[in-house]
Amino acid sequence: MSSSEPLVVGVIFPVKKIARLQEVLDVEADSVRFVLIDLEAAIPTGASVTDADLEAAAMRLAAYYGPLDVLLHKLAHDMVFAGLGNQDAANRVQLVQHFLRRHPSVRVVDPIDSVRLLTDRHAACKMLRSMEQNGNIRTQRFKVPNFYEVKSLEQFQALQEELGARRTKLPLICKSVEACERRSLPNLVAGTAQHVHFDTQQNYPTSRDFHPHVDDSTSQEEIVGGWTQEEIFAGVREIGKCLRDELKLTLFGFDVIVADDGSQELYVIDVNYFPSYRELDDLDSILRKHIKQLCGRQ
């Protein structure tokens, strides 16, 4: 494709997650045009869908939307439900795979297999532990907390007994194995956050709840255990580079906590694909610039 022609980006997003992207869809700017792709309209539903049906659907997609340079997807939700036995979700994932096999020149953001790994928190934890144990000086910059997968009611009751007897140290973070997105907790400024009690089944507190007396001009020189806020951020950025190299992903987020035992070690407790982007005021320009960089246009 000529560098003077706009990059055409097919967008596959769950209906509930597409609202914020409406501002970029079907608008050509900075030589990038985003086009929303409707997978459900292209494929039959149910368990009787065959490979031939998927191939035909892939051909219909190509004919309807025309040539694509990039495919930007958030198939993680479908991957989760496919793993739980939802055939329609499995069909949509397979349709995309059929389409990409027919059009190998289309750049995928991001690789489906890497995204699939992050839909299983236990698998993601094992990957992080492997990086920690077998890595180089870069990956030794972070730690992974002990983790355990509860597979049965008996195991859950045993864990409750451990907690009741105080044989398991707190804090303890419990999440479903399936990575189902919800709004994240805000980033906290080092050393200034106060305790906030909240119900995890309700809306999470905001940054203002944790920092009611801190304004936006708070100094980055706040010292916590010998670390400045900027030094902590530098460590977090290095962790991000390690994860990017390992996962071959470009759109992901990860949760880090700082140990309060005096070591000030950084613990990675979760990694998510294409997390919430509500805090990005300039999502449009950031996303277009990112796509152009991936395609060698920047």
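Taking other C-beta atoms within 10 Å as the exposure proxy, MET127, MET59 rank MET59, MET127 from fewest upward. Taking other C-beta atoms within 10 angstrom as a stand-in for reagent exposure, HIS290, HIS73 fall in the order HIS290, HIS73, fewest first.
As a proxy for reagent exposure, ranking TYR277, TYR64 by other Cβ atoms within 10 Å from fewest up yields TYR64, TYR277. Among the listed pairs LYS126/LYS175; LYS74/LYS143; LYS248/LYS292; LYS16/LYS292; LYS175/LYS289, a Cα-Cα separation exceeding 23 Å is found for LYS74/LYS143; LYS16/LYS292; LYS175/LYS289. Taking every alpha-carbon pair under 8 Å whose residues sit at least 6 apart, region 11-72 reaches a relative contact order of 33 percent.
FYI, it's all coordinate maths here, none of it is from the lab. Only a predicted model underlies this, so the values are computations on that prediction, with no experimental measurement involved. When we count neighbours, we look across all protein chains shown, and the Cβ atoms used for this are built from the backbone with ideal geometry, even at glycine.
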